[in-house]
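Here the structure is laid out as structure tokens; the discussion comes afterwards.
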Number of protein chains: 2
Amino acid sequence: MSDGRSPAAVRSDNLLFLTDEQLRQGSEAMFFAYRGFTADPDRILGDMAYGRAHHRAIHFIGGAPGTTVNNLLNILGVTKQSLNRVLRTLIADGLVQSKVGRNDKRERHLYLTEEGRALEQKLSDAQRARLRAAFREAGPEAVAGFRRVLEAMMDPEMRASYTRLRGSGS
Amino acid sequence: MSDGRSPAAVRSDNLLFLTDEQLRQGSEAMFFAYRGFTADPDRILGDMAYGRAHHRAIHFIGGAPGTTVNNLLNILGVTKQSLNRVLRTLIADGLVQSKVGRNDKRERHLYLTEEGRALEQKLSDAQRARLRAAFREAGPEAVAGFRRVLEAMMDPEMRASYTRLRGSGS
DNA sequence: CTTGGAGTGTCAACAAGGCTGACGTACCCT
DNA sequence: AGGGTACGTCAGCCTTGTTGACACTCCAAG
């Protein structure tokens with residue numbers, strides 16, 4: 001039920017001495033940190049007609065120009081209807097360009113326009129500033145540990161996406 | 001270690017060699033890891049009539065029995081209307097009990113019922129299992145670094161909430 | 001006692017962003 | 001020619017966030 005009452009529970013974790021309380025603190029750290037992590041871009045987007053979903057799309061298109069819709073779908077883990085709604089507005093507003101594939105004409109390859117790149121820059125600058133400050137404050141070894149834990153926390157398929165297996169244009 | 005292409009960019013961060021690419025990877029690690037982090041409870045809640053908001057409420061009430069509505073509001077960072085909608089269903093369903101404060105009768109102190117505690121247990125067990133596995137895989141030093149970075153990433157007020165300043169009963 | 005303000009509950013309306021289901025179109029491949 | 005793939009889209013539903021407005025209870029100050 002709770003921390004340290006049962007010697008057996010502690011013993012079962014004797015390698016790392018992970019009490020429930022420590023794990024609880026880990027959960028809450030994730031919650032609060034993620035809030036901080038998204039706070040800056042959210043504030044910027046709040047002033048415009050866009051939301052976090054647009055940010056994600058712009059981010060991953062910017063990071064893998066020429067990626068296909070299907071590819072993005074897998075990375076973001078949403079339905080095509082959800083993604084399409086976001087993509088439609090971004091394309092209509094001229095932030096994203098969609099090109100029919102050369103090899104396979106069913107596919108659409110996505111690129112940021114100049115305007116899209118500008119917004120991506122603005123958003124990621126805000127987010128990177130916080131991340132940079134946090135990394136500096138915590139120190140290099142802490143950053144390495146941070147990365148190791150986060151990686152271990154992902155679903156395996158996501159770990160693959162994360163490890164630079166991003167799809168590229170045909 | 002550093003894949004610095006632009007000497008100027010590297011030099012500007014010479015203390016830690018933080019390239020934009022490293023920060024980008026940090027962002028994506030947060031994104032994918034948070035997805036993994038919430039995946040298990042979300043799956044459980046999806047079968048019931050509850051969502052992530054209910055999980056959060058139950059979690060923080062369970063961790064600080066007797067907390068007031070206002071307290072919870074500050075921790076969760078949502079409007080009272082949003083929280084109230086969630087709380088109302090939890091109270092109606094008998095998972096949460098709301099008691100009028102002794103000293104200040106305007107306040108409501110929130111507690112989990114037996115049933116509520118059971119659900120909290122079920123949800124946090126799933127989440128803790130993933131966290132535990134990740135912590136084990138990454139090792140103790142990595143966990144310490146993980147905590148340090150997350151803490152540095154929070155907003156200052158949230159850091160206060162996180163550091164066990166949770167409100168308690170009247 | 002009156003009054004102001006804090007803490008809370010609640011109604012109404014709305015928006016973002018998830019979801020499912022269904023359908024159409026264009027295309028690739030066998 | 002037909003089946004499966006990639007994509008777009010319409011329609012509808014849900015959760016969860018938002019504002020704004022209003023009422024009630026109660027504490028504390030005047």
Next on the checklist: Test of understanding: among B:Leu72, B:Leu45, B:Leu83, B:Leu87, which residue is at pLDDT 90 or above and farther than 19 Å from B:Arg117 by Cβ?
Outcome noted: B:Leu83
Checklist entry - Can you find a residue in region A:137-148 that is surrounded by fewer than 17 Cβ atoms within 10 Å (Cβ to Cβ) and either in contact (Cβ under 8 Å) with a residue 40 or more places away in the chain or within 16 Å of DNA strand D (Cβ to nearest atom) (or both)? => result no
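In region A:79-115, what residues are open to solvent by 90 Å² or more (accessible area, probe 1.4 Å), free of Cβ contacts under 8 Å to residues at least 40 places away in the same chain and within 9 Å of DNA strand C (Cβ to nearest atom)?
Selection gives A:Lys80, A:Gln81, A:Arg85, A:Lys105, A:Arg106.
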Next on the checklist: Let me confirm something: among A:Gln127, A:Gln121, which residue is under 29 Å from A:Ala29 (Cα atoms), under 18 Å from the mean Cα position of the chain (by Cα) and open to solvent by 50 Å² or more (accessible area, probe 1.4 Å)?
Outcome noted: A:Gln121
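For (1) part of a helix (DSSP H, G or I); (2) surrounded by fewer than 21 Cβ atoms within 10 Å (Cβ to Cβ); (3) not acidic (Asp, Glu), each residue gets a yes or a no:
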{"residue": "B:Arg35", "(1), (2), (3)": "yes, yes, yes"}
{"residue": "B:Thr38", "(1), (2), (3)": "yes, yes, yes"}
{"residue": "B:Arg43", "(1), (2), (3)": "yes, yes, yes"}
{"residue": "B:Tyr50", "(1), (2), (3)": "no, no, yes"}
{"residue": "B:His55", "(1), (2), (3)": "yes, no, yes"}
{"residue": "B:Ile58", "(1), (2), (3)": "yes, no, yes"}
{"residue": "B:Ile75", "(1), (2), (3)": "yes, no, yes"}
Checklist entry - What is the one condition in (1) touching a helix residue (DSSP H, G or I) at 6+ places or on another chain (Cβ under 9 Å); (2) among the basic types (Lys, Arg); (3) within 16 Å of DNA strand D (Cβ to nearest atom) that B:Arg128 does not satisfy? => result (3)
Next on the checklist: So for region B:154-169 (the condition being open to solvent by 50 Å² or more (accessible area, probe 1.4 Å) and at pLDDT 90 or above), does at least one residue qualify?
Outcome noted: no
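The values are calculated or read from the model by the stated rules, or taken from the named source; none is laboratory data. This is a predicted model, so every value here is computed, not measured. Every residue, glycine as well, gets a Cβ built from its backbone with ideal geometry; the counts of neighbours run over all protein chains shown. Side chains included, ligands, DNA and RNA excluded: accessible areas come from the protein's heavy atoms. Shrake-Rupley method; radii C 1.70, N 1.55, O 1.52, S 1.80 Å.
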